[in-house]
Structures are given as C-alpha cells and as structure tokens.
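The values are calculated or read from the model by the stated rules, or taken from the named source; none is laboratory data. If you're wondering where the values come from, they're calculated on a predicted model, not measured in any experiment. Here the Cβ positions follow ideal geometry from the backbone for every residue, glycine too, while neighbour counts run over all protein chains shown. Surface areas here come from the heavy atoms of the whole protein model, side chains and all, with no ligands, DNA or RNA. Shrake-Rupley method; radii C 1.70, N 1.55, O 1.52, S 1.80 Å.
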Amino acid sequence: MSGLHFSGVVLPGGEGEFWVSDGAVHLSDPGGPATALTGYAVPGYVDAHCHVGIVEDGEPDLVRGRALALEDVAVGVTVIREPGSDLDTSPLDGQPGLPRLVRMGRHIALVKRYTRGLGEQLEDPSQLVDAVRRRAAEGHPWIKLVGDWIDRGVGDLAPLWPDDVLAEAVAVAHEAGAQVTAHVFGEDALPGLLAAGVDAIEHGSGLTADTIEMMVEKGIGLVPTMIQIENFPSIAAPAAEKFPTYHRHMLALYERREATFRAAWEAGVAMYAGTDAGGFNVHGALPREIAALARVMPAHEALGAASWRARQWLGFAGIDDGAPADLVIYAEDPRAALADGALPAPSAVVVRGEPADLPR
Ligand SMILES: [Zn+2]
C-alpha cells in the first residue's frame with residue numbers, strides 16, 4: 001500500500017503530524033507517496049475484555065472467531081484481551097487485518113460454579129494451585145479465575161476459593177511470569193483476591209470503599225465491563241423465584257453500578273474499557289462501553305481507558321516513532337462527541353499498519 005500522512009490532533013497530546021509506511025509510524029517524512037488524512041488520531045483501541053472464542057449459540061471455531069474480530073476492527077479495535085476461551089485462537093495470530101490477541105487460555109472455575117460447559121471446572125478448590133501451574137505452563141500472559149458465582153446451596157453469589165489457596169495460586173502464577181485476573185460480581189470474593197495480589201478484576205460491580213482502597217494501594221487494574229453489568233436484570237431474572245436473595249443482590253449491584261465505578265475512578269483505580277462480547281454482548285460494541293465509561297469519568301479519560309492507557313497497561317506502544325501503526329481516525333473531536341453521549345464512526349482504522357475495510 002502507499003503511505004499515509006496525518007496532520008491534525010494526535011491524542012492524547014495536541015496538534016501534530018506523523019506518517020505511516022511499511023506498517024510503522026514515523027514522526028518524520030520517510031518519503032514516497034502518501035495519502036493525506038486530517039482530523040483526530042487516536043492510538044488503536046484495546047477491548048480489554050472480549051471473547052472471539054466464545055459464542056452464545058453452537059460451537060465456536062476460527063472462521064467465526066475471525067469474522068467476530070473483524071466486527072471489532074470496524075469500530076477501531078486493534079488489540080483484544082481475551083479473558084478465557086476454550087477455543088485455541090492462536091492460529092489467528094499474525095493474520096493481516098486482525099487485531100492482536102492477548103490470551104488467557106481456559107477459565108479456571110469449579111463444577112456447578114460457572115457457565116455450564118465453559119472453562120476448566122475443578123472438583124475441589126484444593127486443586128486450584130495445580131490448575132494454575134498447568135495453565136501457566138501453556139505460556140499465556142494472563143490466567144483467568146472465576147472468583148465468584150451463584151452458590152445454589154447458599155442461594156446467593158459466593159466466593160469459589162479459600163483465601164489461602166488463592167494466595168498460593170497467585171504466587172505460583174507470578175513465579176511462572178503470568179498475571180492473574182478474576183471474574184467477580186459481588187462483594188465477598190474481592191478481599192481475598194485483592195489480598196492474594198491478583199493483577200486485575202473483571203466486572204467488579206461489588207466494589208466497596210474498602211476494596212476500592214485495596215485496588216488503589218496495590219495498583220490492581222479494573223475492567224468494569226459496564227455494558228455487561230447493564231444485563232444484570234436479564235441475567236438474574238430466571239432465578240427470581242428459586243433464588244430470590246441472589247436475584248435481589250444482582251439488582252442491587254445493577255442499581256449502584258455507576259456510583260460504584262464513579263467512586264473507583266475518583267479514588268484512582270486504573271480502569272480499562274472491555275465489552276465482554278461473546279456471551280450476552282455483541283462484538284463491535286466498544287464505542288458503547290467507552291460512552292458508558294464517559295458517564296463516570298471525563299470523556300478524555302474514557303477514551304484513554306480504551307486507547308493509550310490500555311495500550312500501555314498491556315505493553316503496546318502508542319503513536320510513537322517506529323511503533324507498529326494502530327490508529328483510529330475521526331473527522332471530528334471524539335471527546336466532544338462523547339460528552340454529547342456517543343462516539344461517531346471513525347473515518348479510518350489502521351490495524352498493524354494496514355487500513356481496515358469499514359462498513360459504508
Ligand atoms: Zn467475559
């Protein structure tokens with residue numbers, strides 16, 4: 001392809017220009033023909049919680065996974081952090097036009113304490129440390145635990161793992177060079193997970209003042225998946241009669257969701273945009289998640305939570321000299337649009353140096 005020359009506003013900074021050629025960003029003109037672009041350039045988006053290897057209906061496969069990833073690219077996603085997948089999506093690595101995938105392998109849960117048929121479901125909590133050791137040996141950068149789920153004996157959300165087992169499991173993962181994150185909806189699983197030193201929390205709708213303070217102190221990241229939490233009433237509805245305590249609990253978490261995440265943001269928790277596409281949520285929904293984040297933090301920061309801050313968190317460069325070109329270009333200021341409630345469609349997306357086909 002011929003190169004690009006962008007001049008305009010380069011976020012998160014100000015006015016500037018850069019070139020793209022041979023797939024990389026250049027801050028000085030590398031020469032050669034270049035298509036001129038103007039407007040607002042944002043470092044390529046990260047969907048920090050997105051499953052291309054999970055589908056609601058039928059069996060996932062790589063053909064479908066590829067098509068789903070392209071739906072995400074169309075809204076500007078250039079990196080997908082995939083917190084748990086039974087399908088090995090590694091054959092998608094390095095394919096032109098696809099985002100880079102940050103994988104975790106299979107979720108680790110307990111029998112009857114997670115979505116039926118999904119992830120590795122252990123018989124007993126004492127098996128967690130060995131399971132983490134096996135998963136870490138697969139070489140994924142992250143390991144995903146299910147931290148809480150409905151306990152049908154208790155009739156409410158409850159932690160899956162004792163605190164001492166968690167502490168040992170997280171230490172084993174860290175020794176092997178893997179980070180650990182955990183799915184948590186309620187309040188009770190958080191203190192044990194945070195004390196064990198997990199690196200991130202997924203959802204986190206049960207955060208309270210005390211656990212928010214632990215997150216800040218330990219620098220633990222939060223992917224609140226706000227548009228997934230909007231599904232809590234429909235997730236909990238089928239349980240209303242049989243598990244009324246659980247049902248009320250889920251509705252209470254739903255009701256306080258914006259207050260919870262606003263408090264987390266104001267306390268200084270590092271927050272990142274993730275859609276949880278692949279279960280209840282469709283792909284290509286990152287703009288909706290960014291708009292939801294912009295209701296609990298300033299628009300510029302909500303954009304950063306999906307872009308430059310998320311890229312830095314996961315080790316991807318921004319719009320830097322020599323970096324692989326991942327870009328989202330808008331004709332108008334995306335922050336002003338967000339403050340009005342929604343992001344516009346991008347005028348161009350560049351993923352790993354290649355312009356993506358956008359829907360017309
Ligand atoms: Zn998920």
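Filter segment 251-302 for residues that are away from the ligand (no atom under 16 Å from the Cβ) and acidic (Asp, Glu); which is nearest to residue 47 (Cα to Cα)?
Only one residue fits best here, namely 301.
Scan segment 33-73 for residues that are part of a loop (DSSP other than H, G, I, E, B), over 20 Å from residue 329 (Cβ atoms), more than 16 Å from the ligand (Cβ to nearest atom) and touching a residue at least 12 places away in the same chain (Cβ under 8 Å) and report the count.
Pass one, segment 33-73, residues part of a loop (DSSP other than H, G, I, E, B): 33, 44, 48-49, 51-61.
Now drop any that are not over 20 Å from residue 329 (Cβ atoms), which leaves 48-49, 51-61.
So of that shortlist, the ones also more than 16 Å from the ligand (Cβ to nearest atom) come out as 57-59, 61.
Then keep just the ones that are touching a residue at least 12 places away in the same chain (Cβ under 8 Å); that gives 61.
Counting residues in segment 33-73 that are part of a loop (DSSP other than H, G, I, E, B), over 20 Å from residue 329 (Cβ atoms), more than 16 Å from the ligand (Cβ to nearest atom) and touching a residue at least 12 places away in the same chain (Cβ under 8 Å) gives 1.
Being at pLDDT below 95 and in contact with a His (Cβ under 8 Å, 6 or more places away or on another chain) is the filter here; which residues of segment 69-104 pass it?
Listed by number, the residues that qualify are 84, 85.
Scan segment 311-343 for residues that are closer than 13 Å to residue 18 by Cα and either free of Cβ contacts under 8 Å to residues at least 12 places away in the same chain or among the β-branched types (Val, Ile, Thr) (or both) and jot them down. Let's see the steps before the verdict.
First, pick out the residues of segment 311-343 that are closer than 13 Å to residue 18 by Cα: 318-327, 329.
Result: 319, 329.
Across segment 273-301, which residue is modelled with the highest pLDDT among those that are open to solvent by less than 20 Å² (accessible area, probe 1.4 Å) and either assigned to a strand (DSSP E or B) or among the aromatic types (Phe, Trp, Tyr) (or both)?
Filtering segment 273-301 for residues that are open to solvent by less than 20 Å² (accessible area, probe 1.4 Å) and either assigned to a strand (DSSP E or B) or among the aromatic types (Phe, Trp, Tyr) (or both), the one modelled with the highest pLDDT comes out as 277.
Would you call residue 106 closer than 27 Å to residue 222 by Cβ, in a loop (DSSP other than H, G, I, E, B), open to solvent by 20 Å² or more (accessible area, probe 1.4 Å) and not β-branched (Val, Ile, Thr)? Write out each step before concluding.
On the way: closer than 27 Å to residue 222 by Cβ: yes; in a loop (DSSP other than H, G, I, E, B): yes; open to solvent by 20 Å² or more (accessible area, probe 1.4 Å): yes; not β-branched (Val, Ile, Thr): yes.
Yes; evaluated as a whole, the condition is true for this residue.
Which ones in segment 156-176 are small (Gly, Ala, Ser), open to solvent by 10 Å² or more (accessible area, probe 1.4 Å) and out of contact with any strand residue (DSSP E or B) (no Cβ under 6 Å at 6 or more places or on another chain)? Spell out the reasoning first.
Initial filter on segment 156-176 (small (Gly, Ala, Ser)): 158, 167, 169, 171, 173, 176.
Narrowing further to those that are open to solvent by 10 Å² or more (accessible area, probe 1.4 Å): 158, 167, 171, 176.
Residues satisfying the conditions are 167, 171, 176.
Residue 41 - would you say it is open to solvent by 60 Å² or more (accessible area, probe 1.4 Å) and more than 27 Å from residue 179 (Cβ to Cβ)?
Values: open to solvent by 60 Å² or more (accessible area, probe 1.4 Å): no; more than 27 Å from residue 179 (Cβ to Cβ): yes.
Answer is no for this residue.
Tell me, which helices (runs of 4 or more DSSP H) wholly within segment 190-242 include 1 or more residues that are away from the ligand (no atom under 16 Å from the Cβ) and open to solvent by 20 Å² or more (accessible area, probe 1.4 Å)?
On the way: elements: 190-196, 209-218, 226-229, 232-236.
Those helices (runs of 4 or more DSSP H) span 190-196, 209-218, 232-236.
Could you say which residue among 127, 121 is polar (S, T, N, Q) and within 16 Å of the ligand (Cβ to nearest atom)?
Numbers: 127 fails: within 16 Å of the ligand (Cβ to nearest atom).
The match here is 121.
Looking only at residues in segment 126-155 that are open to solvent by less than 20 Å² (accessible area, probe 1.4 Å) and in a strand (DSSP E or B), which one is farthest from residue 107 (Cα to Cα)? Talk me through it step by step, then tell me what you get.
The first filter runs over segment 126-155 and keeps only residues open to solvent by less than 20 Å² (accessible area, probe 1.4 Å), leaving 128-129, 131-132, 135-136, 142-148, 150, 155.
Cutting the leftovers down to in a strand (DSSP E or B) gives us 142-146, 148, 150.
Working: 142: 10, 143: 7, 144: 5, 145: 6, 146: 7, 148: 13, 150: 16 Å.
In this case the residue turns out to be 150.
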